[in-house]
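In what follows, a single structure is set out as structure tokens and then discussed.
The values are calculated or read from the model by the stated rules, or taken from the named source; none is laboratory data. All values reported here derive from a predicted model rather than from experimental measurement. For neighbour counting, all protein chains shown are included, and Cβ atoms are generated from backbone atoms with ideal geometry for every residue, glycine included. Remember, those area values only see protein heavy atoms, side chains included, never the ligands or the DNA or RNA. Shrake-Rupley method; radii C 1.70, N 1.55, O 1.52, S 1.80 Å.
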Amino acid sequence: MEKQSVGAILGIGLFTCITLCVYFIMRYRSATVHLPSESRKKESVDWQKPGILVLGIGIGLFIVGILDNYIKTDLPDSLAVAILIISAGLAMIIANRLDKKRDI
């Protein structure tokens, strides 16, 4: 990869990480602020769905990395993005199904 591509990917990844961290921190704070101090109790935070989503994105990146580096195919950029989107979508479907089974 060229230095510009690596820089762009790292910049987008850093921005995404910071955005998701701020989102989850604000979500946690907004959920705990509305509880009265008397009835405030420890509620378990459900990290299963975001964890499975991040795992799916990681698997997609792993597949793209293997295809790009070891198989030496000229992988078009659109196909690499499609693999990432498909793996993230599958991870979201799996997370949703696991959440529905747990609610029953």
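For this structure, a couple of remarks:
- Scanning the range 38-53 for residues that are open to solvent by 100 Å² or more (accessible area, probe 1.4 Å) and either more than 28 Å from residue 93 (Cα to Cα) or at pLDDT 65 or above (or both) gives 38, 40, 41, 42, 47.
- The set of residues in the range 84-104 that are open to solvent by less than 90 Å² (accessible area, probe 1.4 Å) and either more than 16 Å from residue 9 (Cα to Cα) or touching an Asp or Glu at 6+ places or on another chain (Cβ under 7 Å) (or both) comprises 87, 88, 89, 91, 95, 96, 98, 99.
- Across the range 23-37, the qualifying residues are those that are assigned to a helix (DSSP H, G or I) and more than 18 Å from the chain's Cα centre (by Cα), and the one among them that is modelled with the lowest pLDDT is 33.
- Taken together, the residues in the range 55-78 that are over 16 Å from residue 13 (Cα atoms) and either open to solvent by 80 Å² or more (accessible area, probe 1.4 Å) or assigned to a loop (DSSP other than H, G, I, E, B) (or both) amount to 10.
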